[in-house]
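See below for the structure under consideration.
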Amino acid sequence: MGTMKRIYMDHSATTPVDPLVVDAMLPFFTDLFGNASSLHSFGSEAAEALLRARKQVADAIGALPEEIIFTSGGTESDNLAIRGVVPFNAGKKHVITSVIEHPAVLNTCAFLESLGHEVTYVPVDADGVVDVKILEKSVRENTVLVSVMHANNEVGTIQPIEKISEIAKKYNIYFHTDAVQSVGKIPVNVDDLGVDMLSISSHKIHGPKGVGVLYVRKGTNISPIVFGGNHEMGMRSGTENVSGIVGFAKAMELAAQRQDADSIHMTQMRDSLISRVFDSISDVRLNGHPSRRLPNNVNMSFKYAEGESMLMLLDMQGVAVSTGSACSSKSLKASHVLSALEIEDDFIHGSLRISLGRENTMDDIDYVVGALQETIAKLRAMSPLADR
Amino acid sequence: MYSKKVMEEFSNPANVGVVEDADGVGEIGSTIDGDIINISIKVKDNILEDVKFKTFGCVVAISTSSAVAKLAKGKTVDEAMSLTNEDVINYLDGLPEGKDRCSGFALDALKMAIDDYIHKSK
């Protein structure tokens, strides 16, 4: 194959681990391998590392160390927030969420429904913004929890978290947000956002896979969902993934330090990519909010070109992106997020999500614009729709 | 997850286009469903002299369209009519599980084109 250029632009799926994170982790596989629960020196080395990591993560989001519960990742954090709170607040059986949440939230809510709980799924507008008025109208006597993501993983729309927090406070309802996509790209501070619980995933911010956190504000009435040896203050049993947690904490520290610079860099690349695509390719639309969107998210649809075909042709040119227009066994089906955005049929099957990372460059943008032009031209030449 | 043959046919398809003064045309799909496959044929002395396709759709839709056009070209009307979905999938060295939905569409479009030709030539 020789040396084909390879450009990774799928950072909303996962990110490469930062070398500084790897360096921080390495001693914890070999020399400092102890179980943090052991009383000997091996154990206390690990326990001290956990203590430091907990403080690093807490500092990065403006929380207290005792409000940090390490989990196996964003999905478990979402599960813990919802399944830990909802069934354990007597008589309160109702949850409010949005139609564009991650499956970790939607499928957990669906499970609670199967157990007899009630869930309201608040709609979004054409830009993917949750309708705050409908959200407030959905509040009931027995509403216990609101769970709305900070920023959407597909279209990058940033949600009005502060407004939703006001509503939650007004009616004395717990408020959880999934901040898996927003950490490191926009400010994430638990007091500024006004949330009671917040989920973060390590591998989306240049940390290792298999580790995450649920922030739980002091005083929240929450039960564990994993039982055992009472690790993590009894909230999440299981021997701590010390190396993973140390790496995650380092990644959080770096994300907080670099967020301003990363955000400027990614916004420049994002806006350049969008304007150059709009200037050089016809019949394209931007999905998601034009300005209230993550600095690293570009989600576009092209007429007369199908998502999977675009993805594969781009991959053959070394460019890795994703699509919300997957071809499943039953039908060519758009994702639940794109479907909620009321995108016309002509566009909905041709979506691409290009999610940038701090290691991408303007040269990468040049290359990707060229690769996109070639890909779209090739598919449109094949499409019976393009000449009608 | 796709075979090498599928990726070859997908990235470098043969017989893309519309046959001029076609003897038969078949089209399947809609923008709501997602895929649209259009196949046009030229028949001379009962032989499919030319088969061309235009397809909007996923990797499977495009690669099966290319495969069907190649398989049908040069065959008699009866031979082309008796092509099966299995012939197409075998030609492509198999398709991944769950991707078989649209694998038959290209063949359906070809058979619609042949039906159109038979109907017109009566």
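Specify the angular offset, from 0 to 90 degrees and rounded to the nearest 10, of the alpha carbon long axis of helix B:59-72 from the longest principal axis of the alpha carbons in chain B. Around 40 degrees separate the two axes.
Residues of region A:346-388 buried by at least 50 Å² of accessible area upon assembly of all protein chains, compared with the chain on its own (1.4 Å probe): A:HIS349, A:MET382, A:PRO384, A:LEU385.
For the protein assembly as shown, what is the percent of antiparallel DSSP beta bridges, rounded to the nearest 5?
Details: 40 of 59 bridges.
That works out to approximately 70 percent antiparallel.
A dipole drawn for the protein assembly as shown from +1 and -1 charges on Cβ atoms has a positive end, and of A:GLY219, A:VAL144, A:VAL86 the residue lying farthest that way is A:GLY219. Simple rule: put +1 on each Lys or Arg Cβ and -1 on each Asp or Glu Cβ in chain A, find the dipole, and look at A:ILE61, A:SER280, A:LEU193; the Cα lying farthest toward the positive end is A:LEU193. For region A:231-249 and region A:1-48, what is the separation of their Cα centres, given in Å? That distance is 13 Å.
If I stretch the segment between B:MET81 and B:VAL18 completely, what's the gain in nm (0.36 nm per residue apart, minus their alpha carbon distance), one decimal? Don't skip to the end; give the middle numbers.
Details: separation 63, 0.36 × 63 = 22.68 nm, distance 1.99 nm.
So the chain would gain 20.7 nm between B:MET81 and B:VAL18.
Determine the sum of side-chain charges near B:GLU86: Lys and Arg each +1, Asp and Glu each -1, restricted to other residues whose C-beta is under 14 angstrom from that of B:GLU86.
On the way: positive: none; negative: B:ASP87, B:ASP93, B:ASP100.
Its environment carries a net charge of -3.
Shape class of chain A from the Cα gyration tensor (axes a ≥ b ≥ c, square roots of the eigenvalues): oblate, since a/c reaches 1.5 or more and a/b does not exceed b/c.
Extending 7 Å from Cα along the Cβ direction at A:SER114 and again at A:LYS163 yields two label points whose distance is 3.5 nm.
What is the magnitude of the charge dipole of chain A about its Cα centre, with +1 placed on the Cβ of each Lys and Arg, -1 on the Cβ of each Asp and Glu, and no other charges, expressed in debye to the nearest 20?
On the way: 35 positive and 47 negative charges, 97 e Å.
That gives chain A a dipole magnitude of about 460 debye.
Computed with a 1.4 Å probe on the full set of protein chains, the accessible area for B:LYS111 sits at about 50 Å².
Relative to the longest principal axis of the C-alpha atoms of chain A, give the angle of the C-alpha long axis of helix A:242-280, reported between 0 and 90° and rounded to the nearest 10°. Roughly 20 degrees between the two axes.
Taking DSSP loops as anything outside H, G, I, E and B, show the longest stretch in chain B free of GluC sites (Glu not before Pro) there with at most 12 other beta carbons within 10 Å. Within chain B, the longest run free of exposed GluC sites (Glu not before Pro) spans B:21-96.
The label point for A:TYR367 and the one for A:LEU26, both projected 7 Å from the Cα toward the Cβ, are 2.7 nm apart.
Where only protein heavy atoms count, and the probe is 1.4 Å, what is the accessible area per residue for the protein assembly as shown in Å²? Each step should come with its number before you reach the end.
Working: 20740 Å² over 510 residues.
The answer is 41 Å² per residue.
Normalising by the residue count of region A:1-159, find the relative contact order in percent from Cα pairs under 8 Å and 6+ residues apart. Could the numbers behind the result be given before it?
Details: 170 pairs, mean separation 26.7, N = 159.
It rounds to 17 percent for region A:1-159.
Each Lys and Arg contributes +1 and each Asp and Glu -1, all at the Cβ; summed about the Cα centre of region A:1-145, the dipole is approximately 180 debye.
Am I reading the B/A interface right? What is its buried accessible area, both sides, 1.4 Å probe, to the nearest 100 Å²? Please report the intermediate quantities before stating the final value.
Working: alone 6420 and 16490 Å², together 20740 Å².
Buried surface at the B/A interface: approximately 2200 Å².
Each of A:VAL99, A:THR15, A:SER291 was placed along the dipole of chain A (beta-carbon charges, centred on the mean Cα), and the one lying farthest toward the positive end is A:VAL99. Taking θ as phi - 60° and the Karplus parameters 6.51, -1.76 and 1.60, the scalar couplings of region A:37-46 work out to 8, 6, 7, 6, 5, 4, x, 5, 4, 5 Hz in sequence order, x denoting glycine and proline.
Counting only other chain Cβ atoms within 10 Å of each residue's Cβ, the peptide B:1-10 averages 1. Normalising the average separation of contacting C-alpha pairs (under 8 angstrom, six or more residues apart) by the number of residues puts the relative contact order of chain A at 21 percent. Straight Cα distances below 23 angstrom link B:LYS4 to the lysines A:LYS5, A:LYS378, B:LYS52, B:LYS54, B:LYS70, B:LYS73, B:LYS99, with same-chain residues fewer than 8 positions distant left out. Working note: Karplus 6.51/-1.76/1.60 with θ = phi - 60° gives region A:295-305 the couplings x, 9, 9, 10, 10, 10, 10, 10, 5, 6, 9 Hz, where Gly and Pro are set to x. Which ³J(HN,Hα) values, rounded to whole Hz and listed in residue order, are derived for region A:312-317 from phi using the Karplus coefficients 6.51, -1.76 and 1.60 in 6.51 cos²θ - 1.76 cosθ + 1.60 with θ = phi - 60°, glycine and proline given as x? Result, rounded to whole Hz: 6, 5, 5, 4, 5, 9.
Working out 0.36 nm times the residue gap between A:THR3 and A:LEU286, then minus their Cα-Cα distance, what length gain in nm do you get to one decimal? Let's see the in-between values first.
On the way: separation 283, 0.36 × 283 = 101.88 nm, distance 3.26 nm.
Length difference between fully extended and current span is 98.6 nm.
Taking a ≥ b ≥ c as the square roots of the eigenvalues of the Cα gyration tensor, region A:19-148 is prolate, since a/c reaches 1.5 or more and a/b is larger than b/c. Amide H to amide H distances under 5 Å link A:VAL119 with A:VAL95, where only residues 5 or more positions off or on other chains count and H is placed in the peptide plane.
The values are calculated or read from the model by the stated rules, or taken from the named source; none is laboratory data. Note that the structure is predicted; figures quoted are calculated from it, not measured. We place every Cβ from the backbone using ideal geometry, glycine too, and count neighbours over all the protein chains shown. Just the protein is used for accessible areas: all its heavy atoms, side chains included, with ligands, DNA and RNA removed. Shrake-Rupley method; radii C 1.70, N 1.55, O 1.52, S 1.80 Å.
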